[in-house]
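To keep things clear, I will list the structure first and then write my remarks on it.
The values are calculated or read from the model by the stated rules, or taken from the named source; none is laboratory data. This structure is a prediction, so every number in the text was calculated from the model and none was measured. We place every Cβ from the backbone using ideal geometry, glycine too, and count neighbours over all the protein chains shown. Side chains included, ligands, DNA and RNA excluded: accessible areas come from the protein's heavy atoms. Shrake-Rupley method; radii C 1.70, N 1.55, O 1.52, S 1.80 Å.
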Amino acid sequence: MPLRYAIIGSGMMGCEHIRNIALMKDAEVVAVADPNAAMAEAGVQTAERSGIGRPKCFTDHRDLLSANLADAYVIAAPNDTHFEICRHVFATNKPVLLEKPSATRSDHAWDLVRLAEQRSAPVWVAMEYRYMPPVARMLEALKSGQAGRPHMLSIVEHRFPFLDKVDNWNRFSARTGGTLVEKCCHFFDLMRLLTASEATRIYATGAQSVNDIASSYDGKPADTLDNAMVVVDFENGMRASLDLCMFAEGSYWQEQISVVGDAAKLEAKIPGPSRFWPGGAERASQFILSPRVQKAPVVEEIEQDPTILAAGDHHGSTFYQHQKFAEMIRSGGKPEVTIIDGAMAVDMGIAAQRSIETGQAQVLGYEAEPLAGALS
């Protein structure tokens, strides 16, 4: 019997989830909910075009929950709605895939942890970047010891500006949590995964330099950062950096991730979405192993199924994540990305935002000041 999914929030990311669920065997989307009627209908049409029939349509997620049509829920609504929606969805005690960030405030993120611990059904936070094939290849090489003892991690994302969203919600830090929460929680999650350690101190500098600097929406000025540099210290002695620029859409590589150890350097290079590239051309990603001794980098081009690439903007990672999510449901397993992972990434993003605001490094861990409501 197919797994029945309901999608809450059928904007750009919600529709990406629908397209990827449609690629899986024994899965279907039976319902969508979005308070914007046009977006709700867009979700329905996406499902129909994907060949999985016409799901039922709701404008209130509570009505969808009352209908009890689904085996699992995907929450892909705007960031600032996650907390309230989760409070309702968690009461169903059915599996949940929650889009990042889990919340826009630290206290809300940790409240969701406590709520999730009271239920038996799993909550998986959708940190798709873990499942990009070159990142997975890097993690495999790192675990097998090919880098030796790792010391440094660098993440560079040079990309396009924030896309247009309903009500321009992603132009306001009060709704997103700030760029370093909204956009960069992915990267803080990767830092924790690749270092296998926890952050102790964060320093960040950033600004709104190019995008939306003279824009206002409904009389309110846009205030999202479009560039930043972040340095993070970890408990195990590793150091990590993030270089973010959101007015660099001409870059061939959108993400470049490297880990340098005492034996070798590992690199993952990932192009941006094909729909933003001239001619819509797909480009292969790369994994590069650069041993210190041989001084002869080995470059692996990582090709993917074009159907999977075409289903979203995240280089196939949404599909691979859904495969693992469905496998977890069927096997009774546990999520690979937990609600605690989601809260930790939110904390790191808020600490980075606070560092930019104060000009001071922020301490994380038992010595840190509480981050609760930092951006409320």
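Observations, loosely collected:
- Within the option set Asp111, Asp63, Asp107, being farther than 26 Å from Leu180 by Cα, at pLDDT 95 or above and among the charged types (D, E, K, R) holds for one residue only, Asp63.
- Test: Arg137 is open to solvent by 40 Å² or more (accessible area, probe 1.4 Å), in contact with a Ser or Thr (Cβ under 8 Å, 6 or more places away or on another chain) and not hydrophobic (A, V, I, L, M, F, W, C): no
- Matching option when the condition is over 30 Å from Arg119 (Cα atoms) and charged (D, E, K, R), among Arg330, Arg283: Arg283
- Given (1) open to solvent by less than 10 Å² (accessible area, probe 1.4 Å); (2) in contact with a Lys or Arg (Cβ under 8 Å, 6 or more places away or on another chain); (3) more than 27 Å from Met12 (Cβ to Cβ); (4) not aromatic (Phe, Trp, Tyr), index of the condition Val125 fails: (3)
- Test result for Gly261, buried (at least 18 other Cβ atoms within 10 Å of the Cβ) and in contact (Cβ under 8 Å) with a residue 60 or more places away in the chain: yes
- Criterion (at pLDDT 95 or above, aliphatic (A, V, I, L, M) and under 30 Å from Ala6 (Cα atoms)) met by exactly one of Val337, Val363, Val299: Val337
- Of the candidates Glu84, Glu99, the single residue that is of a type outside the set (Gly, Ala, Ser), within 21 Å of the chain's Cα centre (by Cα) and surrounded by fewer than 15 Cβ atoms within 10 Å (Cβ to Cβ) is Glu84.
- Members of the range 194-213 that are open to solvent by less than 30 Å² (accessible area, probe 1.4 Å) and within 21 Å of Met152 (Cα to Cα): Leu194, Thr195, Ser197, Ala199, Ile202, Ala204
- Residues (open to solvent by 20 Å² or more (accessible area, probe 1.4 Å) and hydroxyl-bearing (Ser, Thr, Tyr)) located in the range 303-349: Thr307, Tyr320, Ser331, Thr338
Yes/no per residue for (1) open to solvent by less than 20 Å² (accessible area, probe 1.4 Å); (2) touching a helix residue (DSSP H, G or I) at 6+ places or on another chain (Cβ under 6 Å); (3) more than 29 Å from Val293 (Cβ to Cβ):
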| site | (1), (2), (3) |
| --- | --- |
| Val113 | yes, yes, yes |
| Pro133 | no, no, no |
| Thr179 | yes, no, yes |
| His186 | yes, yes, yes |
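- Flag if Val230 is open to solvent by less than 20 Å² (accessible area, probe 1.4 Å), out of contact with any His (no Cβ under 9 Å at 6 or more places or on another chain), under 28 Å from Thr338 (Cα atoms) and assigned to a strand (DSSP E or B): yes
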